[in-house]
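Report on one structure; see the data block that follows.
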Amino acid sequence: MRRPASLNIILLTISIILLVTVPFLGHIPIEPSKLFGNDLAARIFWNIRVPRALCAFTCGGVLALCGMTFQSMFKNDLATPYTLGVSSGAALGAVIAIRFFAGSFALSQVMSFAGASATIVLIYLLTAIKRELSSAFLLLAGIAVSFTCNGLILFIQYLSDSSESSLMIRWMMGSLDLSGYSPLMKIAPSLLILTVILAFFHRELDLMRINSDVAASRGVNLKFTVNLLFLAVSLAIAAVISQTGPIGFVGMVAPHIAAKFTGRKHSLLIPSSLLLGGIILLASDTLARCVIAPSEVPAGVITSLLGGPFFIFILLKNSRR
């Protein structure tokens, strides 16, 4: 059996190969000899495909790290970044922008981030009222907020005309149909900050995955740690969703698969989850834009088709324990 550290090297190699080759794939073929010219092929390659590939990999890494963190905090392989209702809050913000402000893409991004941030604040207010910041309470509060946001989304859709409803549905499918480096510049800092925070707290995550009481007995400040990790993960998810819309299942699938190969030691699990999440979303987005070219399928549809059966597999596996 390969050592866990060598598996991360393999994942890094696969990531580099995909990032180099994926921009060449698409409806319009691009020859390497045309990359440094001023023709259409060169502009498509450098201004659309390269930033899109980098953005897909970065988003996948963020989603996977967030999923890994929640799975460790809640000790549940089915926990995802969307469990705490942040994605529903972001979706509500975008829907409000589309319905009431004739939302442009930029305004939808701003309102989406605002909606996700408002969801974070609301959950913290609930914990303040309850005076409890346990993982279990955060999970239940997130589910309650998510149901509320989804209900408001349905109500706003009911009030909307067909064109507005179409835009809402399209946004909530989740897509990486982005151009230029601006979206990447907005998402990359969240990946960097989240990775640094998780690297500093990898020991705490190891102990929290075992048991909260064990973590507390080893000197872990549970309230501070849960507070910080929840805030960091939520803001990272908000940054991604505001650019792409909700893209599900990457945060559940990637860390679960990574843990099977590298184990639950977070010093190894953090890089493997990041790399595997990037690989999964980059491959899904490539499939999404190539399967019915020149049209494309939203990447969120592809990840849902892949993640749904995987979710059932984990559910059945856990039920046999």
Calculated from DSSP H runs of 4 or more alone, at -39500 (n - 2.57) each and per residue, what is the 222 nm mean residue ellipticity of the chain, nearest 500? -25500 deg cm²/dmol
Neighbour count of at most 12 Cβ within 10 Å plus DSSP loop: longest chymotrypsin sites (Phe, Trp or Tyr not before Pro)-free window in the chain: 102-321
Fully extended contour minus Cα-Cα distance, from residue 200 to residue 10, at 0.36 nm per residue: 66.0 nm
Residue separation times 0.36 nm, minus the C-alpha to C-alpha distance between residue 137 and residue 166: what's the value? 6.9 nm
Near residue 260, which lysines are there with a Cα under 16 Å away, not counting those fewer than 8 places off in the same chain? 75, 317
Grab the Cα-Cα distance for residue 211 and residue 177, subtract it from 0.36 nm times how many residues apart they are, and report the gain in nm with one decimal. 8.1 nm
Between residue 150 and residue 292, what FRET efficiency follows from the Cβ-Cβ distance if R0 is 30 Å, with the result rounded to 0.05? 0.55
Expressed as a whole-number percentage, the relative contact order of the range 4-319 with C-alpha contacts under 8 angstrom and at least six residues apart is 32 percent
Coil-residue trypsin sites (Lys or Arg not before Pro) of the range 30-78, DSSP, other Cβ within 10 Å capped at 11: none
For the range 4-319, build the charge dipole from Cβ charges (+1 Lys, Arg; -1 Asp, Glu) around the Cα centre, then report which of 276, 17, 94 sits farthest towards its positive end. 276
Could you give the size of the charge dipole of the range 4-319 about its Cα centre, using +1 on the Cβ of each K and R and -1 on the Cβ of each D and E, expressed in debye and rounded to the nearest 20? 580 debye
Rounded to two decimals, the Debye log10 I(q)/I(0) of the range 4-319 (Cα scatterers, no solvent) at q = 0.07, 0.08, 0.11, 0.14 Å⁻¹ is -0.28, -0.36, -0.68, -1.08
For the range 122-237, the Kirkwood Rh over every pair of distinct alpha carbons, in Å, works out to 17.3 Å
Rounded to one decimal in nm, the spacing of the 7 Å Cα→Cβ label points at residue 25 and residue 75 is 4.0 nm
Counting Lys and Arg as +1 and Asp and Glu as -1, each charge on the Cβ, what is the dipole of the range 62-165 about the Cα centre in debye, to the nearest 20? 260 debye
So for the pair residue 107, residue 41, with labels modelled 7 Å out along Cα→Cβ, what separation do we get in nm? 4.1 nm
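Readers should treat all values here as calculations from the given coordinates under stated rules, not as data from a laboratory. Fair warning: this is a prediction, and the values are worked out from it, not measured in the lab. We place every Cβ from the backbone using ideal geometry, glycine too, and count neighbours over all the protein chains shown.
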